[in-house]
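Novice: Quick one: this structure, given as structure tokens, is what I'll be asking you about.
Just so it is clear, none of the values below were taken in a lab; they were calculated from the coordinates. Treat the numbers as computed from the prediction; the structure is a model and nothing was measured. No Cβ is skipped: glycine too gets one built from the backbone with ideal geometry, and neighbour counts run over all protein chains shown.
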Amino acid sequence: MSEPSRFDDLDPEETREWLESIDSVIKAQGAGRAHFLLERLIDFTRRSGAYLPFKPNTAYVNTISPGQEQEYPGDRSIERRIEAFIRWNAMAMVVHTNRQSSEYGGHIASYASSATMYEVGFNHFWRAPSEKHPGDMVYIQGHVAPGIYARAYLEGRLSEENLRYFRQEVASPEKGLSSYPHPWLMPDFWQFPTVSMGLGPMMAIYQARFQRYLENRGIVPETDRKVWAFLGDGEMDEPESMGAITMPVREKLDNLVFVINCNLQRLDGPVRGNGKIIQELEAAFLGAGWNVVKVIWGSRWDPLLAKDTKGLLRRVMEECVDGEYQNFKAKGGAYTRENFFGKYPELKEMVANMSDDDIWRLNRGGHDYKKVWNAYNAAVNHKGAPTVILCKTVKGFMMGKWGESQNITHQQKKLDDEALKEFRKRVHINIPDEQLAKSPFQRLPEDSEEMKYLRERRERLGGPLPQRRSNAPSLTIPPLETFDSLLQSSGDREFSTTMAFVRILQMLVKDKNIGKNVVPIVPDEARTFGMEGMFRQVGIYSSAGQLYTPQDADQLMFYKEDKKGQILEEGINEGGALASFIAAGTAYANNNVNMIPFYIYYSMFGFQRVGDFIWAAGDSQARGFLLGGTSGRTTLAGEGLQHQDGHSHLAASTIPNCVAYDPTYAYELAVIIQDGMRRMFADQEDVFYYLSVMNENYAHPAMPKGAEAGILKGMYLLQAGGKGKVRVNLMGSGTILREVLKAAEILEKDYGVPADVFSATSFSEARREALDVERTNMLHPDAPQAVPYLRQVFGDRTGPFIAATDNMRIVADQIRQWVPGRFVVLGTDGYGRSDSRAQLRRHFEVDAPHIVVASLRALADEGKLDMATVKAAIKKFNIDPDKPNPVTQ
């Protein structure tokens, strides 16, 4: 059955009677009663067997009607003047930079479309951190960075030289401004990296939830602090943008506000040329349970809508698609008169007394101070659910034919003299023609009413924004002796490094100094990792507490949810869990308290699945521990191809401030975690850690005396071989180190070849230190030349070196240039598969027999053994020399 248009009324008189009835209810008993009656009518109709399709959309008009609006509290004339200077300087910054070189790039149109939305926030809503308030957190859309710099320039926070060095951070490290919001590059200015589109929405959601987590646990006081996220309509196509929108509804996060700039255009063309992006987003967010506020039409439309007694204007508004709306602004008032108002004679008559310029000036809601302010005011006062504000704007607003509503506007970096004159005219700034070609930056006089107003507004709101603080008190980290039970031999007890980690975590949450600061994070795999004992010990965080009796309530380790729970159990949601890690790891900057996040997950579903979030964690200067559980291509055994990780350490090495280790023994893990906590939370270094831990059980030896330094530097001598001139040097990490030890025993016992065995806790850390030493030596040729640690630890050993790990060969291959001899690397290149650990290690050629054969062959290549010995070993170990390479299988 085709659905009739809501504008086609079969019985207008009956409709009028129903509307009059509802109107009388609203007047007499309020909107709540009217809503109740409508819901009962719908329910009754459906129960009577009628099909009523669900329509999660409201009319294509503003959510807040003119009669509901409050008066604007600011001085619009002064604010327009301030905004004009910011608009000009934002444009001039990009133009000036690209006149030097088109290499630099930059964006004018995004800020041009959203300037009013930002200015209303800066002038009236966003509080800076101060002694009185922790400050609101604003996720600023990446492409509008020039506008934010331009405002900071007016405030005196940035100089003209800063603006001239936009996107030139190397040419002038002190003055250069980063292209987008990057805390790593501007750590006192930017709070949140947002320009990898799609990450900002999810990070904002989990930031708002983490704020409630801190409040409910009593770590920070409860406040009315808000998290604002500015997003683009095109950005909402990223899966991460919409992937977590039900969570803040479930958590009742009324401290969260999304503002989506619906300028209808993405980089190449319309976002929804054949539809309406605002209606599409409204349906999605309303369906999820958000409070949705639409800001579509500016105040100049109000008189026309008031005259629309027949609903024809609303009908045309509803029927036009976004591709048409783009044309209405791109092609001017005459075009709009014919192609919008001209669809009905009554509408054309409605605007008969308006000039084409008047029609073109009919403004969109996102450019209207009053409309935007009322939407923001509704958002900050809404209770019980998050709010999304859908603001309709014009991309490239005020750029005229050089960018306004043009498909090419996102790429517009340069404006010629004619374009600058037009821009000058539109923003009403007096710049002499002879100066215009230089696109000079403009300042307001210090004693002007605009500057007084600008400063007064920000002083009232606590100070300037954005700003990032990092003066949280250091934590008292427990000494290494706290973990003494893991530093000693386990004797006959066998356990995995994952269980060793869980024991460390249990010790830490009990610590009197930092126990409350520990944030365990897990994506629905706590039982896999042996963490279920912590359910009852510290509880699983739930903003609602526990409204049910858990199925396992009669058991010691029952599933305990608690409003003060410490564990963040994120469900099957690695992206959300990583966003929680970032929120916790940056609490020192955003909440003035050092929190210690430990996020443990299947290692395959870390860097490979949410690598962009991990990169953002680095940019954010997050601190904490990522733990890749069930790590290694052969250690997870039966799970197979999609679960078996052998490359996460390669990915980790690409992030400059990620410190990665692949420990084998419990004492190594304890040393690394204790020192990591010292570095991050006592010394407050801006690094975070990636540790791979395994699920294979085995006995753990006591820590060798003096091994701590080598563990942290990435390599230490674990076991010295016996006497003998024909020798080999073996190194391994993770569980494969145990295969290396077996190989060493075979080599010495069966072939008379003693082997020194090194535990390689981190090839990447050893490599970084060596590279740093070599760089220093290169740049200081007259200074005493330092020796890389790897050269020191290997000493005068010259025999062949064989490395074997549960990772791709390239992980160990990172240190090749500092190995003083023939270097053979074994690893697990290729797709994983299901089988036992023994079979998998044989398949990938990293088991003890293959390590022995590799060692014998390396010795033979050096002329220290004959090839017959190698052939005999291959036969002895039943190795098929013609087996296909595991990489190709």
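Novice: What does the extension gain come out to for Glu338 and Arg816, with contour length at 0.36 nm per residue minus their alpha carbon separation?
Specialist: 164.8 nm
Novice: Using the C-alpha atoms of the stretch 299-362, what convex hull volume per residue, in cubic angstrom, is computed?
Specialist: In the stretch 299-362, the Cα hull volume divided by residue count equals 77 Å³.
Novice: Compute log10 of I(q)/I(0) for the stretch 715-888 with the Debye formula, placing one identical point scatterer on every Cα and leaving out solvent, at q = 0.16, 0.18 Å⁻¹, to two decimals.
Specialist: -0.93, -1.14
Novice: Under a Cβ-only charge scheme (Lys and Arg +1, Asp and Glu -1), can you give me the dipole magnitude of the chain about the Cα centre, in debye to the nearest 20?
Specialist: Charge dipole, the chain, about its Cα centre: 740 debye, nearest 20.
Novice: Another question, then. Given Cβ point charges of +1 (Lys, Arg) and -1 (Asp, Glu) and nothing else, what value in debye, to the nearest 20, does the dipole of the stretch 832-873 about its Cα centre take?
Specialist: Dipole of the stretch 832-873, to the nearest 20 debye: 180 debye.
Novice: Let me see the pair-distance distribution of the stretch 12-53: every alpha carbon pair, 10 Å bin width, integer percents in order.
Specialist: 28, 42, 29, 1
Novice: A further question follows. Return the long-range amide H neighbours of Trp297 (sequence gap of 5 or more, or a different chain), with a cut-off of under 5 Å between placed amide H atoms.
Specialist: Asn62, Gly365
Novice: While we're here: Principal axis extents for the stretch 458-595, Cα atoms only, whole Å, descending order, please.
Specialist: 64, 41, 27
Novice: To continue, here is another question. Could you give the angle, 0 to 90 degrees to the nearest 10, between helix 199-216's Cα long axis and the longest principal axis of the Cα atoms of the chain?
Specialist: Value to nearest ten degrees: 80.
Novice: What is the order of Arg738, Arg460, Arg315, fewest Cβ neighbours within 10 Å to most?
Specialist: Arg460, Arg738, Arg315
Novice: Oh, and also: Could you work out how far apart the two model spin labels at Arg493 and Asp835 are, taking each label as a point 7 Å from the Cα in the direction of the beta carbon, and quote it in nm?
Specialist: Distance between the two pseudo-spin positions: 3.5 nm.
Novice: Let me ask something additional. Using a Förster distance of 60 Å, how high is the FRET efficiency between Ile429 and Asn777, based on the Cβ-Cβ distance and rounded to 0.05?
Specialist: It comes out at approximately 0.65.
Novice: Still on this structure: Do any of Lys55/Lys383; Lys276/Lys370; Lys252/Lys370 go past 26 Å between their Cα atoms, and which?
Specialist: Flagged as over cut-off: Lys252/Lys370.
Novice: While we're on this one: For a paramagnetic label modelled at 7 Å from the Cα of Ala544 toward its Cβ, which residues of the stretch 238-261 fall within the zone defined by backbone nitrogen distances under 13 Å?
Specialist: Residues passing the 13 Å test: 247-253.
Novice: Where does each of Glu449, Glu79, Glu13 land when they are ranked from fewest to most other beta-carbon atoms within 10 angstrom?
Specialist: Glu13, Glu449, Glu79
Novice: Got a sec? How would Glu446, Glu119 order by Cβ neighbour count within 10 Å, fewest to most?
Specialist: Glu446, Glu119
Novice: Between the stretch 627-677 and the stretch 120-175, how many Å separate their Cα centres?
Specialist: 38 Å
Novice: Still on this structure, please answer the following. Students often check this: by mean Cβ neighbours within 10 Å, which of 389-395, 744-750 ranks highest, and how do the rest follow?
Specialist: 389-395, 744-750
Novice: Can you list residues from other chains, or at least 5 along the same chain, whose modelled amide H is less than 5 Å from the amide H of Ile596?
Specialist: Val518, Val519
Novice: If amide H atoms are built 1.01 Å from N in the plane of the peptide, which residues on other chains or at least 5 residues away come under 5 Å of the amide H of Phe166?
Specialist: For Phe166, the qualifying residues are Leu177.
Novice: How much of the pair distance distribution for the chain lies past 39 Å, counting alpha-carbon pairs only, in percent?
Specialist: Cα-Cα pairs in the chain separated by more than 39 Å: 51 percent.
Novice: If you take every DSSP beta bridge whose two residues both sit in the chain, what share of them, in percent to the nearest 5, is antiparallel?
Specialist: Bridges in the chain that DSSP calls antiparallel: roughly 10 percent.
Novice: Multiply the residue gap between Arg791 and Lys307 by 0.36 nm, knock off their C-alpha separation, and tell me the result in nm, one decimal place.
Specialist: 165.8 nm
Novice: Would you mind estimating how fast the stretch 1-91 diffuses translationally, via Stokes-Einstein at 10 °C and 1.306 mPa s with the Kirkwood radius over Cα pairs, in µm²/s?
Specialist: Estimated diffusion coefficient is 88 µm²/s.
Novice: Now a separate question. Taking 7 Å along the Cα-to-C-beta vector as the label spot, tell me the Glu481-Thr869 distance in nanometres, rounded to one decimal.
Specialist: Distance between the two pseudo-spin positions: 4.8 nm.
Novice: How much length, in nm to one decimal, is gained on full extension between Trp18 and Ala284, taken as 0.36 nm per residue of separation minus their Cα-Cα distance?
Specialist: Between Trp18 and Ala284, full extension yields an extra 92.8 nm.
Novice: Enter the Cα centre distance for the pair the stretch 711-735 and the stretch 768-834, rounded to the nearest angstrom.
Specialist: 14 Å
Novice: Excluding residues fewer than 8 places away in the same chain, name every one of the aspartates and glutamates whose C-alpha is closer than 13 Å to that of Lys414.
Specialist: Qualifying aspartates and glutamates at Cα under 13 Å: Glu103.
Novice: With labels modelled as points extended 7 Å from the Cα through the Cβ direction, what inter-label distance (nm, one decimal) is found for Glu131 paired with Gln70?
Specialist: Going from the Glu131 label point to the Gln70 one covers 2.9 nm.
Novice: Mind running the shape call on the stretch 521-609? Use the C-alpha gyration tensor, a ≥ b ≥ c as the square roots of the eigenvalues: rounded below 1.5 for a/c, prolate if a/b tops b/c, oblate otherwise.
Specialist: In terms of gyration-tensor shape, oblate.
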